[in-house]
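Okay, so here's the structure we're looking at.
The values are calculated or read from the model by the stated rules, or taken from the named source; none is laboratory data. Since this is a predicted model, take the numbers as computed values, not measurements. Neighbour counts are summed over all protein chains in view; Cβ atoms, including those assigned to glycine, are modelled from backbone coordinates with ideal geometry. Remember, those area values only see protein heavy atoms, side chains included, never the ligands or the DNA or RNA. Shrake-Rupley method; radii C 1.70, N 1.55, O 1.52, S 1.80 Å.
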Amino acid sequence: MTESFRRSGEYENPYQQQASSPVNPEWPPPPAHEPSAPTALLAEPVGRPRRAKRNRGPVALLAAVAIVAAAIGGGTAYGIQELTGNDTVASSSSTSTNVVPSSQKGTVSGVAKAVSPSIVEISAQSNAGSSTGSGVIITGDGEIITNNHVVSGASSVKVTTSDGKEYTADVVGTDSSKDLALIKLQNASGLTVATLGNSDGVQVGDEVVAIGSPEGLTGTVTSGIVSALNRDVTVSTDEGQGQQQQQQGGGGWPFEFGGQQFNGDTGSSTTTYKALQTDASLNPGNSGGALIDMNGNIIGINSAMYSAAGSGSSDAGSVGLGFAIPINTVKADLAKLRSGSQN
């Protein structure tokens, strides 16, 4: 026991160690004799071990401070995010815009309430007959995106907004290769504009909402998920093919997928594009309407749907196989459509 206390030096004066005693390398060597006055204890000892300790100390201290700062920084960022109450619902569409009010974020009802005023019903007349579809308002003065097959070959186009107002529209530009068209309302202003999202960030399993006018039922809302990405969908580019198909009771816009034709004959002229697949219910009349993420951003334009159609349209209906043109494809095509291109 005594040896233990003496070895630790816990109760000894460090300056009274014997020469043969081991010296702690972290401390300078003891003076040759005890200081004559207490003030000598404050004198700066001279020796390499002391200087080495002073050089190492700040480096270690700075490293420790850096680690603590990094830890605090991460926590601070999280704290700020929590305190600011960011309303944006987590979404793979990679857009920070939140159209849905914070009290209703992430709900189908919230998305429907926020976006429905930006979705319209389109009625087109042509020599081949009439067709009904949907469209998305992209400017306050009445620019509307829809499918080419909704207005292809139309001699007149009428548009009804969510508040029941009816407008006459002109076809500005069409792109049959992407099944897109741009129309413009006459004498319109102050319309509610949809927010276009970013379809590149969409992932399989993301929740979505579809709004359109299936079978002329304006403002119908359905919901589901994104079922698949980059589906090769082939649609007709023949003018009037969609109108003829509806008159014949084919159950909706004809298209091909996987080498098979659905909803009738696609005709002799077709085009293929990459589409988002969704199980949100789509029916004839949803064409040109919006596929929307849970923040209220448009991520696609609904364009084709499989219908288990028989001899008449009464057998048609959604079976959870719908397709939408990615909104980034639409945005990339806007300049061409606005230029008045007709193809």
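For region 220-240, a residue qualifies if it is at pLDDT below 95 and on the phi > 0 side of the Ramachandran plot, and exactly one does: Gly240.
For region 117-140, residues that are part of a helix (DSSP H, G or I) and surrounded by fewer than 18 Cβ atoms within 10 Å (Cβ to Cβ) total 1.
Residues that are farther than 18 Å from Gly140 by Cβ, more than 26 Å from the chain's Cα centre (by Cα) and open to solvent by less than 10 Å² (accessible area, probe 1.4 Å) within region 154-185 comprise Val157, Gly173, listed in sequence order. Give the residue that is nearest to the chain's Cα centre (by Cα), with candidates limited to residues of region 193-215 that are over 18 Å from Ala275 (Cβ atoms) and in a loop (DSSP other than H, G, I, E, B). Looking at the filtered set, the residue picked out is Ala194.
One residue is enough: does region 232-247 have a residue meeting the conditions touching a Leu at 6+ places or on another chain (Cβ under 9 Å) and either surrounded by fewer than 20 Cβ atoms within 10 Å (Cβ to Cβ) or not in a strand (DSSP E or B) (or both)? No.
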